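*Asks:* Pasting in a structure now, in structure tokens, and then I'll have a few things to ask.
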Amino acid sequence: MEERYLHYYAIQPTVAEAVTKSAMAELPGGRRFSHQRLIPRSALVGAKEALLKLNFSAVRTFDELHKLVAKTIGPIKFIGTLTIYDTAHRIGAYLGLHPEFVYLHAGVCCGAKALDLDCKVNKLPMSALPKAFHRLRPDQAEDCLCIYKDKLKVLRTK
């Protein structure tokens, strides 16, 4: 996720505002984040309402946050692994928690498969990725695997 978007969630005045904007996939200006554009508004509202009931004060790591978000909104129809990760990432920006692993969902898994990485797990340590990725943060590596999945497939075949 772009730094400017993470900054938008990080500067929200309250945790309730950060959670609301995160769950609703709201971008500056009120638009919806592209990854969640096809999710019915009612599903996002349900996710927002469920997340607003949580107390995040005991959450110490992004992994704990990700598990809490998954447990809370995962059962909601139309909410999948990408929305869980994106929502946790946005809330994490507000809480000052950043991914320590590369979380595998949809396009990220395609990119990981192109590099012969194990996609049966839901996350990978950075050490599992090729050395060229090690200079990136885990969220940046996740973006690269997703954005460049098709190019990685081509490189693998050469």
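*Asks:* So, restricting to helices (runs of 4 or more DSSP H) that lie completely within segment 68-158, which ones have at least 1 residues that are farther than 21 Å from Leu54 by Cα? Don't jump to the end; show me each part of the working.
*Replies:* Numbers: elements: 81-95, 106-114, 138-147, 149-157.
By residue number, 106-114, 138-147, 149-157.
*Asks:* Across segment 31-46, what is the total count of residues that are in a loop (DSSP other than H, G, I, E, B), over 21 Å from Cys146 (Cβ atoms) and under 18 Å from the mean Cα position of the chain (by Cα)? Full working, then the answer.
*Replies:* From segment 31-46, those in a loop (DSSP other than H, G, I, E, B) are 31, 33, 37-40; that's our starting set.
So of that shortlist, the ones also over 21 Å from Cys146 (Cβ atoms) come out as 40.
Keeping just the survivors that are under 18 Å from the mean Cα position of the chain (by Cα) gives none.
Selection size over segment 31-46: 0.
*Asks:* Another question, then. Considering only segment 114-128, state which residues are touching a residue at least 12 places away in the same chain (Cβ under 8 Å) and touching a helix residue (DSSP H, G or I) at 6+ places or on another chain (Cβ under 8 Å).
*Replies:* Within segment 114-128, Ala114, Leu115, Asp116, Leu117, Cys119, Asn122, Lys123, Leu124, Met126 qualify.
*Asks:* While we're here: Sort through Glu26, Glu49 and tell me the only one that's surrounded by 11 or more Cβ atoms within 10 Å (Cβ to Cβ), at pLDDT 95 or above and either within 18 Å of the chain's Cα centre (by Cα) or closer than 25 Å to Gln140 by Cβ (or both).
*Replies:* Values: Glu49 fails: either within 18 Å of the chain's Cα centre (by Cα) or closer than 25 Å to Gln140 by Cβ (or both).
It is Glu26.
*Asks:* Related question: Does segment 119-132 contain at least one residue that is at pLDDT below 95, in contact with an Asp or Glu (Cβ under 8 Å, 6 or more places away or on another chain) and either hydrophobic (A, V, I, L, M, F, W, C) or farther than 30 Å from Pro13 by Cβ (or both)?
*Replies:* Within segment 119-132, not a single residue is at pLDDT below 95, in contact with an Asp or Glu (Cβ under 8 Å, 6 or more places away or on another chain) and either hydrophobic (A, V, I, L, M, F, W, C) or farther than 30 Å from Pro13 by Cβ (or both).
*Asks:* Which is of a type in the set (Val, Ile, Thr) and touching a residue at least 60 places away in the same chain (Cβ under 8 Å), of Ile91, Ile84?
*Replies:* Working: Ile84 fails: touching a residue at least 60 places away in the same chain (Cβ under 8 Å).
None of the others qualify; the one that does is Ile91.
*Asks:* Somewhere in segment 136-155, is a residue more than 20 Å from Pro99 (Cα to Cα), touching a helix residue (DSSP H, G or I) at 6+ places or on another chain (Cβ under 6 Å) and exposed (fewer than 15 other Cβ atoms within 10 Å of the Cβ)?
*Replies:* The answer is yes, given that some residue of segment 136-155 is more than 20 Å from Pro99 (Cα to Cα), touching a helix residue (DSSP H, G or I) at 6+ places or on another chain (Cβ under 6 Å) and exposed (fewer than 15 other Cβ atoms within 10 Å of the Cβ).
*Asks:* Could you check, for segment 32-53, whether at least one of its residues is touching a helix residue (DSSP H, G or I) at 6+ places or on another chain (Cβ under 6 Å) and of a type in the set (Ser, Thr, Tyr)?
*Replies:* No, segment 32-53 contains no residue that is touching a helix residue (DSSP H, G or I) at 6+ places or on another chain (Cβ under 6 Å) and of a type in the set (Ser, Thr, Tyr).
*Asks:* Out of the residues in segment 89-118 meeting the condition of being surrounded by fewer than 16 Cβ atoms within 10 Å (Cβ to Cβ) and over 13 Å from the mean Cα position of the chain (by Cα), tell me which one is farthest from Leu155 (Cα to Cα).
*Replies:* Checked segment 89-118; the qualifying residue farthest from Leu155 (Cα to Cα) is Gly96.
The values are calculated or read from the model by the stated rules, or taken from the named source; none is laboratory data. The structure presented is a predicted model; accordingly, all values stated were derived computationally and were not measured. Quick reminder, even Gly has a Cβ in these numbers, built from the backbone with ideal geometry, and neighbours come from all protein chains shown.
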